[in-house]
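The structure appears right after this line, and notes come after that.
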Amino acid sequence: MGKKQFYETAKPQETAILVSVPNYRQSDEQTQEYLDELAFLTETAGAKTIKRFVQKLEKPDIRTYVGSGKLNDIKAFIVEHDVDNVIFDDDLSPSQVRNLERELQVKIVDRSLLILDIFALRAKSAQARTQVEMAQYQYLLPRLTNLWTHLSKQKGGIGMKGPGETEIETDRRIVRDKISLLRERLNKFEKQSFEQRKSRSGMVRVALVGYTNVGKSTLMNLLSKSEVFAENKLFATVDATVRKVVLENIPFLLSDTVGFIRKLPTKLIESFKSTLDEIRESDLLVHVVDISHPSFEDHIAIVNNTLKDIESAEKPVLLVFNKIDQYLEKREQELASEGEEVRPSLDDLKTTYMAKEHAPSLFISATNKINIEELREELLRRVSEIHFERYPNNV
Ligand SMILES: Nc1nc2c(ncn2[C@@H]2O[C@H](COP(=O)(O)OP(=O)(O)OP(=O)(O)O)[C@@H](O)[C@H]2O)c(=O)[nH]1
Ligand SMILES: [Mg+2]
């Protein structure tokens, strides 16, 4: 469908090596899981991971992130292999980037840059694109300054106040102008969304939140499409991620939101504030968790912290553990291979989380449609409560 691709030539996939510097308290397993996640991000950004480097340090090296010995190992690897990117599991200071570039002679990518790149790839709506662009310029601004300072220093002390300085100022001004232009545009989007929200005021609003890749969108489609009364028309043109759902005559709005991740660049959160309003203004959060992921408890904590950052930690939450099909499959494998540590049974988890949350926790599979009816019932119960509180006479 769509464009013909007769002349498309296959581009060779970019390659990447990953570098992380965990502190001594971090377990090796944890380090590997973080690197797995970084490799997954790298893949999403379109590059293939060909090697991982880990150096335990109390703190990353101030000049080159890793120590000089490890840097030599990395250098030796780059000489022997075809490496396009070196990707770091943290944010680097502008001077670290500069030093590493000089030492390694390849593209240096830090965590923020990687995530920004993926967001740029994924952003579809005009608003999301503007938000990403804004974050990219904000990322660039301090680095631009340093880049130029560095160049003018290379030219020697005398040249410092010369054309170099003017160029820095000009460039900074261009970027600043661009940022204010984007901010204006975002304000306009904001106004539109405000009007739009006014028109739907009164309806109960539910937001799907959670770590990235847990199955929020899958669940969104399942919940909104499978309902006879669900309709996609009303807001389709303005905001594709909000849908109206009706369960037993109770209408509510369900919104899909951007996934959270550990070490999410703060600038990115800021520029996505208006998208996050969807969360901030909702009456109920459905916190989706991928229970098959080894770090799912970390993920819960990260999501809760991010919710705190956007002042939404006090909202009622329905905790939904997704991907139980995959969880049970893994558990079975563990049970089969003796000696391994085995995951707890679903019943054990249910008891634990019901006690922790003082509320029912749901265990579902969105793809295999397990326990979806229970989820609908629980959603209906929670939404009705809010609905009838708001419209006591509307029984
Ligand atoms: N095995 C299994 N896979 C699932 C389940 N639910 C979702 N997935 C898969 O998980 C992947 C991520 O699903 P999405 O719905 O895109 O996740 P998301 O939370 O919207 O992700 P972001 O938008 O990146 O934050 C997809 O490949 C889904 O097919 C499930 O219940 N079991
Ligand atoms: Mg999604």
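Computed from the coordinates by the stated procedures, all read-outs in this text should not be read as laboratory data. Every value quoted in this text rests on a predicted model; they were computed, and no experiment measured them. Note that we place each Cβ from the backbone using ideal geometry, even for glycine, and neighbour counts take in every protein chain shown.
Remark: region 54-59, residue by residue, has Karplus-estimated 3J(HN,Hα) of 10, 9, 6, 9, 5, 8 Hz, where x stands for each Gly or Pro and the curve is 6.51 cos²θ - 1.76 cosθ + 1.60 at θ = phi - 60°. Remark: for residue pairs LYS216/LYS244; LYS191/LYS308; LYS48/LYS107, the C-alpha separation exceeds 22 Å in LYS191/LYS308. Scaling the Cα radius of gyration of region 319-386 by the globular reference 2.2 N^0.38 Å produces a ratio of 1.30. Estimated from the Cβ-Cβ distance and a Förster radius of 45 angstrom, the FRET efficiency linking HIS81 and SER201 is about 0.20.
Note on GLN13 and ASP73: the model spin-label points, each 7 Å out from Cα along the C-beta direction, lie 2.5 nm apart.
For region 202-390, the antiparallel share of DSSP beta bridges with both residues in that region comes to about 30%.
Residues in region 18-51 near a label at SER337, defined as backbone nitrogen under 16 Å from the 7 Å Cα→Cβ point? Backbone N within reach: 29, 33.
May I ask you to order 72-82, 203-213 by the average number of other C-beta atoms within 10 Å around their residues, highest value first?
Order by mean packing, descending: 203-213, 72-82.
Using the Cβ of ILE261 as centre and a radius below 10 Å, the other residues enclosed give a net charge of +2, where K and R count +1 and D and E count -1. Peptide packing for 132-138, 366-372 was compared via the average number of neighbouring C-beta atoms within 10 Å per residue; ordered from the highest value, the list is 132-138, 366-372. For ARG381 and LYS273, the FRET efficiency from 1/(1 + (r/R0)^6), where r spans their Cβ atoms and R0 equals 30 Å, is about 0.45. The modelled label-to-label distance for the pair ASN368/ARG390, using points 7 Å beyond Cα in the direction of Cβ, is 3.6 nm.
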